[in-house]
Amino acid sequence: MRAMPSSTIRFLELLEREAAPVEFEGPLVQARSRGAGPDEIAELEEAKLAALRVRALLERRRRREAELSGLYDTAGDLAGLRDLDAVLHAIVHRARNLLGTDIAYLTMSDDAAGDVYMRVTDGSVSARFQRLRLPLGAGLGGLVAQTGTPYATANYPEDRRFHHTGEIDAGVGEEGLVAILGVPLRLGSRVIGVLYAANRSERPFAREEVSLLVSLAAHAAVAIDTARLLGETQTALSELSAAHTKISAHSASVERAAAAHDRMTALVLRGGGVEEVAAAVTDVLGGRLMVLDADGRTLAVVGTDTSGSLAQGAPLPGPGQPGVRPADAAGLFGPDGPVLPDAAIVAEALATSRADGRAVRRGGLWFAAVVAGAENLGALVWQPKHDTGHADQQILERAALVTALLLLFRRTVAEAEGRVRGELLDDLIARPVRDPESLRARARRLNVDLDRPHVLVCVDDAAATSGPARQRAVSWAHTFAGTHAGLAATRDGRVVLMVPGTDAGALARSVARELGRVLGRPVTAGAAGPATDPAGLAAAFKEADHCASALAALGRTGDGASTAELGFVGLLLGAVREGGDPDVTRFLRDTIGSVVDYDMRRGTALVKTMECYFGTGGSLARAAEQLHVHVNTVTQRLDRVAQLLGADWQRPDRALEVQLALRLHHLRTDVS
C-alpha cells in the first residue's frame, strides 16, 4: 500500500484541531520558503482546497446540528408549556444565538389598534426601541406583518424598499441596528406577529438563516396558539367549576327552602304557634330571631341565651332604656343583653319591608314585616351568623307569611272566643239577672266560676270609642282577661273587664297603665269589688262605672282607682251621672273658688285652714295646733274667709256645701 503524502497528513491534522482557514496556508508558505518545485506547490494547493471544502462541510453540519438541537429544545419547551412569556423569551434567545446576531425580538399584531407592538426582546439596550409600535406596512416589520412574507436587509437605514417613519427610525437608530431579518408568525392564513434577528453592523442573511428563523417563528406561533387554547380551556373549566358551585349552592338552597316550607306548613296544619315557627327558622337558617307584634311587643326570641333575650310579652325597648345599649348597626342582640339599632333605622326598615313586601337588611339585621293585606301584624327581626343568600331571604319572607297566617288565625280564634265570653259578661251586667243558674252553667263551659270573688273594671277612654283604637283596646282587653281567667266586653262605649281577685284599686291601676301603654295615651279605669254571684257582679259593674265617671269628673285622667278609694264623693258623682254629668268645676268655683284664687295669688293657706277647722269639729285651738300657728292666726284667716265667701259661710246648709267642695278639691288635686 502506498504511503499517505506528508502534506495530506498535515492538512488532516489542521482539520482535526478545527484550525482557522488562514492556518491552511501554512504548508504552502513553508514549501515556498524551502524552494519546493511547482509540482509540489500545485499538489499542496489542491490538498489545501480539498481540506477547506471538508472544513466548510463540517462547519455546516455543526451549525445544522446546533439548529436542530435548538429546534428540538424549543419543541420541548412547547410540550411543557406553562408560561407563554418564558417560552417566547427562550425562542427569541435561541434565534439570537443560532443566527449569531446582536439582538433578536418578537412583535405581535394588535387587531384593535391595527398595528404591531413589541412583545419580547433579547439583547436590546434601548427603552425607546422596546416600546416601539409599527403601523402595518411601515418599516421592515410592518411590511412583513402586512404581507406575511420574510424580508431581510443588510443595511436598513439605507434600504429604500421600506417605508421609513421618524418614530421607527429613531428607535432603530437608538438601538444601533443596521442589518435586520424579519419573518412572519403564522396561524393558518393569519399573521399574528413577526420574529426578528438583527445586527448592529452590516451583514447579509443566508437562505439557511432565513429558513431557521422561519422554523423558530412557526414554533413561536404554535406556542402562542397553545397558550390561547390553554387559556380558553382554563377559562371554560373555571366557568364550569363556578357554574357547578353555583348550581350546587342553588340546589342546596332550594332543598333548604323546600324543607323549611314543608316544616312550616306542617306547623300550620297541626296548629303550631309563632314560637315554633321561629324555632323552625333558626334551625334552618341559624342565627337569632325575634318575633314582634304590631305594637312592638316581643312574642318570641329564639336562638339566644337567657341573658341576651327579651322577655316574651315585654314591649320592644328603645335606645336609652335601662339594660339596652344603643348601637348603630351592630345588631339586635348582644352578649350583655339586647342591642338595638337606632329607632329611626328600625322604623324605616319595617316601613320599607311593608311597602315592598320583601325582607330588607340594615347593618347586621334582617327585617321582615308581618302583614295581612294593608294591616300590620308585627315583624320578624333576624340576626344571621353567616353570609346570607337569596334563598335565606326567601325563607325569612315565607316565615313572615306563615307568622301572619298564625297571628290572623290566633286573632280569629281569640275574637270568636272573646265574643262568647263577652256575651256572657254583657248578659251579667246589661240586664236584671233572671236565671242565675243558666249564667253559672255558661260560665263553667268557659272555665269561669261566678261564685269566686271577682273585680269589675270599667275603662273610660273617649278616644277609643270607634276605629282602630277601639279595636286595639278591645283586643287587648280580651287577651288580658283571657290570660287571667276572666271576661271582657264593651258596654256604652266603655271596655269592661271581670277578673278574679280582691284588690280592685290595684287592678284598676294596672289596667290603666298597661292599656294606656298599648294605646299610647292616658286611660282612666274605675273598679269595684270584690263581688260574687251574678247579682253581686252586676251591682259591682254599676259601681265601677260610677267610679270611672268620678275619676274623669275629678280630672284624674290616666289614673285608676276603686269606689272604696274615692269614698262618698265617688258614689255621689257616680249617682249624679245617671241623670247627667255634673259640672264639678263650676260647683267648685261657685262655692270656694274665691278662696282658692286668694291662696294662689297671695301664697296663703286659707283652704288648708278651712279643712283643719272643719276636721276638728270647729275647734280653733285644735286647728291652730295642727297648723302649728297661734289661735289668733286661725281667727284672722277665718275672718278673711268670711270676707271672701260671705258671713254666712258657716251656716249649716252652706257649711255642708263648703265641706263637700273642699273634699272634691282635695281629691281632684291628689292624683295619688
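The number of residues in segment 539-558 being open to solvent by less than 20 Å² (accessible area, probe 1.4 Å) and over 15 Å from Ala508 (Cα atoms) comes to 1.
For (1) at pLDDT below 90; (2) within 60 Å of the chain's Cα centre (by Cα); (3) open to solvent by less than 10 Å² (accessible area, probe 1.4 Å), each residue gets a yes or a no:
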residue	(1), (2), (3)
Asp159	no, no, no
His164	no, no, no
Ile168	no, yes, yes
Gly173	no, no, no
Leu177	no, no, yes
Arg186	yes, yes, no
Arg190	yes, yes, no
Leu195	no, yes, yes
Asn199	no, no, no
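Put simply, of Arg517, Arg452 the only residue that is surrounded by fewer than 16 Cβ atoms within 10 Å (Cβ to Cβ), at pLDDT 85 or above and assigned to a helix (DSSP H, G or I) is Arg517.
Counting the residues of segment 204-237 that are touching a strand residue (DSSP E or B) at 6+ places or on another chain (Cβ under 8 Å) and of a type outside the set (Gly, Ala, Ser) gives 9.
Go through segment 365-418 and count every residue that is surrounded by fewer than 18 Cβ atoms within 10 Å (Cβ to Cβ) and either part of a loop (DSSP other than H, G, I, E, B) or modelled with pLDDT under 70 (or both). Looking only at that region, the number is 15.
Residues being open to solvent by less than 20 Å² (accessible area, probe 1.4 Å) and under 43 Å from the mean Cα position of the chain (by Cα) are entirely absent from segment 484-493. Entry remark, segment 143-157: residues being closer than 15 Å to Ser109 by Cα, open to solvent by 40 Å² or more (accessible area, probe 1.4 Å) and either in contact with a Gly (Cβ under 7 Å, 6 or more places away or on another chain) or of a type in the set (A, V, I, L, M, F, W, C) (or both) number 1 in total.
Checked against the criterion of being basic (Lys, Arg) and loosely packed, with under 13 Cβ neighbours inside 10 Å, the candidates Arg601, Arg637, Arg622 yield just one match: Arg601. Any residue that is open to solvent by 60 Å² or more (accessible area, probe 1.4 Å), within 59 Å of the chain's Cα centre (by Cα), among the acidic types (Asp, Glu) and modelled with pLDDT of 90 or more - is there at least one of those in segment 119-131? No; the residues of segment 119-131 include none that is open to solvent by 60 Å² or more (accessible area, probe 1.4 Å), within 59 Å of the chain's Cα centre (by Cα), among the acidic types (Asp, Glu) and modelled with pLDDT of 90 or more.
Can you report the number of residues in segment 107-118 which are touching a helix residue (DSSP H, G or I) at 6+ places or on another chain (Cβ under 7 Å), modelled with pLDDT under 90 and surrounded by fewer than 23 Cβ atoms within 10 Å (Cβ to Cβ)? Spell out how you get there, then give the answer.
Of all residues in segment 107-118, those touching a helix residue (DSSP H, G or I) at 6+ places or on another chain (Cβ under 7 Å) come to 107, 109, 116, 118.
Checking which are modelled with pLDDT under 90 leaves us with 109, 116.
Restricting the remaining residues to those that are surrounded by fewer than 23 Cβ atoms within 10 Å (Cβ to Cβ) gives 109.
Residues in segment 107-118 being touching a helix residue (DSSP H, G or I) at 6+ places or on another chain (Cβ under 7 Å), modelled with pLDDT under 90 and surrounded by fewer than 23 Cβ atoms within 10 Å (Cβ to Cβ): 1 in total.
Filter segment 22-35 for residues that are surrounded by 17 or more Cβ atoms within 10 Å (Cβ to Cβ) and hydrophobic (A, V, I, L, M, F, W, C) and give the result. The answer is Phe24, Leu28, Ala31. Any chance you could count how many residues in segment 284-295 are at pLDDT below 75 and surrounded by fewer than 17 Cβ atoms within 10 Å (Cβ to Cβ)? Within segment 284-295, residues that are at pLDDT below 75 and surrounded by fewer than 17 Cβ atoms within 10 Å (Cβ to Cβ) number 2.
Listed here are the residues, each with its yes/no results for (1) closer than 28 Å to Glu565 by Cβ; (2) at pLDDT 90 or above; (3) in contact with a helix residue (DSSP H, G or I) (Cβ under 7 Å, 6 or more places away or on another chain).
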{"site": "Asp583", "(1), (2), (3)": "yes, no, no"}
{"site": "Thr591", "(1), (2), (3)": "yes, no, yes"}
{"site": "Leu606", "(1), (2), (3)": "yes, no, yes"}
{"site": "Thr616", "(1), (2), (3)": "yes, no, yes"}
{"site": "Ala623", "(1), (2), (3)": "yes, no, yes"}
{"site": "Pro652", "(1), (2), (3)": "no, no, no"}
{"site": "Gln659", "(1), (2), (3)": "yes, no, yes"}
{"site": "Leu662", "(1), (2), (3)": "yes, no, yes"}
{"site": "Leu667", "(1), (2), (3)": "yes, no, yes"}
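One line per residue, one yes/no per condition, for (1) in a helix (DSSP H, G or I); (2) among the hydroxyl-bearing types (Ser, Thr, Tyr); (3) over 22 Å from Arg207 (Cα atoms); (4) modelled with pLDDT of 75 or more:
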{"site": "Ala56", "(1), (2), (3), (4)": "yes, no, no, no"}
{"site": "Ser69", "(1), (2), (3), (4)": "yes, yes, no, no"}
{"site": "Thr74", "(1), (2), (3), (4)": "yes, yes, no, no"}
{"site": "Arg82", "(1), (2), (3), (4)": "no, no, yes, no"}
{"site": "Leu88", "(1), (2), (3), (4)": "yes, no, yes, yes"}
{"site": "Ile91", "(1), (2), (3), (4)": "yes, no, no, yes"}
{"site": "Leu98", "(1), (2), (3), (4)": "yes, no, no, yes"}
{"site": "Tyr105", "(1), (2), (3), (4)": "no, yes, no, yes"}
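The values are calculated or read from the model by the stated rules, or taken from the named source; none is laboratory data. Small disclaimer: the values here were computed from a predicted structure and weren't measured. Positions of Cβ are backbone-derived with ideal geometry, glycine not excepted, and every protein chain shown enters the neighbour counts. With ligands, DNA and RNA removed, areas are computed over all heavy atoms of the protein, side chains included. Shrake-Rupley method; radii C 1.70, N 1.55, O 1.52, S 1.80 Å.
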